[in-house]
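Below you'll find the structure, written out as structure tokens, and then a few comments.
The values are calculated or read from the model by the stated rules, or taken from the named source; none is laboratory data. All of these numbers come straight from a predicted model, not from anything done at the bench. All Cβ positions, glycine included, derive from the backbone under ideal geometry; neighbour counts span all protein chains shown. Each accessible area value is taken on the protein alone, full model and side chains, heavy atoms only, with ligands, DNA and RNA left out. Shrake-Rupley method; radii C 1.70, N 1.55, O 1.52, S 1.80 Å.
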Amino acid sequence: MTTTLAGWTDELTRTRLHFVTGKGGTGKTTLAASLGLALAGHGRRVLLVEVEGRQGFAQLFDTEPLPYAEQRIASAPNGGEVRALHIDVEAALLEYFDMFYNLGFAGRTLRRMGAIEFATTLAPGLRDVLLTGKIKECVGRTDSDGRHFYDAVVVDAPPTGRVVKFLDVTRALTDLAKTGPIRSQADGVVDLLHSGQTAVHLVTLLEEMPVRETLEAVAELDGADLRPGAVLINRVRPPRLPARSVSPAADGRVDAGRVRAGLTAAGLDLPDETLDALVTETVEHAGRVEAETAASRQLSESDLPTLELPDLSGGVDVAALYELAESLRGQGVR
């Protein structure tokens with residue numbers, strides 16, 4: 001029987017390929033980077049992969065734009081390390097030509113002719129097969145001792161609205177040849193993505209639209225026989241009111257006289273306009289707490305492990321990534 005440690009299950013601990021998706025603006029790239037740092041603890045080696053050409057990891061870690069090569073981007077506690085790879089579709093296709101057809105020189109010629117762009121436009125599914133094929137190669141790579149080179153691979157995946165199409169390589173294969181090296185490679189990708197080694201984590205905020213998209217994505221993943229992992233709730237803010245006071249305050253029932261008396265007892269004598277602003281802010285805060293509570297209840301319908309990440313008022317920099325990684329480790333990520 002699987003046991004749960006603060007939302008992170010034993011099954012997820014055994015997972016080696018982690019896709020991180022979410023509605024745009026929820027912070028999926030930030031949490032993908034933080035998850036990589038969390039998994040790299042205890043001397044592990046983790047690879048961060050991005051597939052959308054945005055150079056999000058380079059920006060987060062404040063480095064030069066990433067080339068089509070795996071390079072160390074951060075260290076983790078207890079000797080762990082995080083590497084990053086920016087997958088360029090054109091470079092991946094040239095790599096395929098070289099590996100499977102010995103067409104390295106011809107591939108460079110094709111690039112100059114613009115044939116690579118033509119090929120990926122003619123067969124749109126080829127792009128996703130190339131991207132996921134490179135990810136599969138990274139996951140399966142072993143060292144001279146036969147051990148996996150990477151303990152885990154974390155992918156900053158497309159947003160929830162496109163993630164199933166990206167991962168449903170079986171459907172993409174309908175546009176490609178029925179036989180041949182790329183087809184064989186793609187079959188291996190299908191096996192990996194539908195195995196227990198892979199999980200798709202969903203990043204959300206406690207807001208109506210992101211929660212709705214998250215639940216829709218979970219249903220889509222289930223329908224495509226792809227395994228949802230954990231729900232990562234980003235930017236969680238603690239309530240500032242006692243639970244019994246939230247509902248009345250959300251309805252606008254805040255006793256300004258009692259607020260003033262409490263402030264006076266604390267030695268604060270505020271002008272009326274400041275007191276009115278505090279009352280308004282209290283009502284707005286209570287309304288937000290009620291809305292977030294309702295969103296949290298809605299998310300529980302997914303029946304997935306749930307982890308909460310704090311709202312970082314100072315913005316996201318490298319130090320914040322480590323702070324979020326520590327929060328994930330504290331909730332059982334390992």
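Counted residue by residue at 0.36 nm each, then reduced by the alpha carbon distance between them, the extension gain from ALA266 to LEU241 reaches 7.3 nm. From the alpha carbon centroid of segment 211-272 to that of segment 27-49 is 28 Å. For VAL49, nonlocal amide neighbours, meaning residues 5 or more places apart or on other chains whose placed amide H falls under 5 Å from its own, are LEU85, VAL154, VAL155, ASP156. For segment 44-57, putting each phi into the Karplus relation 6.51 cos²θ - 1.76 cosθ + 1.60 with θ = phi - 60° gives couplings of 8, 10, 10, 10, 9, 10, 10, 10, 9, x, 9, 6, x, 5 Hz, in residue order, rounded to whole numbers and with x for Gly and Pro. Average accessible surface for segment 162-313: 55 Å² per residue, computed with a 1.4 Å probe over protein heavy atoms with every protein chain in place. Among the listed values [x] 23.7, 82; [y] 23.1, 72; [z] 19.6, 62, the one matching Rg and Dmax of the Cα atoms in Å as calculated from this structure is [x].
If packing is taken as the mean number of other Cβ atoms within 10 Å per residue, what is the order of 11-17, 35-41, highest first?
Numbers: 11-17: 17.6, 35-41: 27.6.
The densest-packed peptide leads the list: 35-41, 11-17.
Across segment 10-15, coupling constants 3J(HN,Hα) worked out from phi with the 6.51/-1.76/1.60 Karplus curve, θ = phi - 60°, read 4, 4, 5, 5, 7, 5 Hz, and Gly and Pro carry x.
For LEU232, the shell of other residues with beta-carbons less than 11 Å away shows a net charge of +1, using +1 for Lys and Arg and -1 for Asp and Glu. Between the amide H of ALA74 and those of VAL82, distances stay under 5 Å, these residues lying 5 or more places away or on another chain, with hydrogens modeled in the peptide plane. Here the chain has 51 percent of its accessible surface on carbon and sulfur atoms, given a 1.4 Å probe and all protein chains in place.
Computed about its Cα centre, the charge dipole of the chain is approximately 820 debye, with only Lys, Arg, Asp and Glu carrying charge at their Cβ.
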